[in-house]
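For reference, the structure is listed below as structure tokens.
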Amino acid sequence: NAGVTQTPKFQVLKTGQSMTLQCAQDMNHNSMYWYRQDPGMGLRLIYYSASEGTTDKGEVPNGYNVSRLNKREFSLRLESAAPSQTSVYFCATAGGPDTQYFGPGTRLTVL
Amino acid sequence: GQQVMQIPQYQHVQEGEDFTTYCNSSTTLSNIQWYKQRPGGHPVFLIQLVKSGEVKKQKRLTFQFGEAKKNSSLHITATQTTDVGTYFCAGVFSTGSYQLTFGKGTKLSVIP
């Protein structure tokens, strides 16, 4: 029972490159979330998916797209990476409007 | 937009001293949650408060939810080095909403 897994753990991109961050959960949760964490800024919601087949924008969606592939998987895509997207990205899941369970994070640097 | 303000941003304490972090919202919250993030780690759920005036304890940690459901606090008694990390509050503004709005966190350092 792995909980929430994220790949990759680390990534370095050049400006303009694209990449997809992967998140998978085996907790049978309906809701999944993508956050970014920057120093002194706390956790900011990028996109979320309340259930399979639905996605909604969060606080900072610009420059990102998401796909809820199935109940287990929720991916985050950067089409054209920018230095401002250097951050730590966390995926989280929730079975309801309460506890969220976080993955280990992806540390992304955009040069 | 709806925000949750958290203070202080940093707190340095001697081991054995107490520590408190505070969260405030300008609008009523449905519930508030607290998370702890160890250095280099990911946020881990500590507790959820739902009722007005609710107080919950976990060993040396005491959590309170204000009567108006607009503020909350986390108090740690007699800090230990294992308490080091960043403590976040996260509010839910609408009943049934699945969105959390996080405060910016309080980073706790404990000097042995």
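Results, tabulated for the structure shown:
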{"read-out": "Every residue from segment A:61-111 that is within 11 Å of chain B (Cβ to nearest Cβ), assigned to a loop (DSSP other than H, G, I, E, B) and over 16 Å from A:H29 (Cβ atoms)", "value": "A:P104, A:G105"}
{"read-out": "Qualifying positions in segment B:21-80 - touching a Phe, Trp or Tyr at 6+ places or on another chain (Cβ under 9 Å) and acidic (D, E)", "value": "B:E54"}
{"read-out": "Flag for B:Y98 being more than 15 Å from B:T20 (Cβ to Cβ) and either in contact with a Pro (Cβ under 8 Å, 6 or more places away or on another chain) or crowded, with 21+ Cβ neighbours inside 10 Å (or both)", "value": "yes"}
{"read-out": "Verdict on B:S109 being under 22 Å from A:E59 (Cα atoms) and surrounded by fewer than 20 Cβ atoms within 10 Å (Cβ to Cβ)", "value": "no"}
{"read-out": "Test for A:T99: is it among the hydroxyl-bearing types (S, T, Y), at pLDDT below 95 and under 19 Å from B:Q37 (Cβ atoms)", "value": "yes"}
{"read-out": "Every residue from segment B:51-102 that is under 26 Å from A:Y47 (Cα atoms) and charged (D, E, K, R)", "value": "B:K70"}
{"read-out": "Sole residue being of a type in the set (S, T, N, Q), within 21 Å of A:P104 (Cα to Cα) and surrounded by fewer than 19 Cβ atoms within 10 Å (Cβ to Cβ), chosen from B:T82, B:T27, B:T86", "value": "B:T82"}
{"read-out": "Flag for A:T15 being among the hydroxyl-bearing types (S, T, Y) and either in contact (Cβ under 8 Å) with a residue 12 or more places away in the chain or over 27 Å from B:F93 (Cα atoms) (or both)", "value": "yes"}
{"read-out": "When residues of segment B:29-46 are limited to those that are among the polar types (S, T, N, Q) and in a strand (DSSP E or B), the one nearest to B:G103 (Cα to Cα)", "value": "B:Q33"}
{"read-out": "Restricting segment A:29-57 to residues that are within 13 Å of B:T101 (Cα to Cα) and at the interface with chain B (Cβ under 7 Å from one of its Cβ atoms), the residue that is surrounded by the most Cβ atoms within 10 Å (Cβ to Cβ)", "value": "A:L43"}
{"read-out": "Residue within segment B:56-77 that is assigned to a loop (DSSP other than H, G, I, E, B), within 14 Å of another protein chain (Cβ to nearest Cβ), in contact (Cβ under 8 Å) with a residue 40 or more places away in the chain and of a type in the set (D, E, K, R) present", "value": "no"}
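The values are calculated or read from the model by the stated rules, or taken from the named source; none is laboratory data. The shown structure was predicted, so the numbers you read here are calculated from the model rather than taken from an experiment. So basically every Cβ, Gly included, is an ideal-geometry build from the backbone, and we count neighbours across all protein chains shown.
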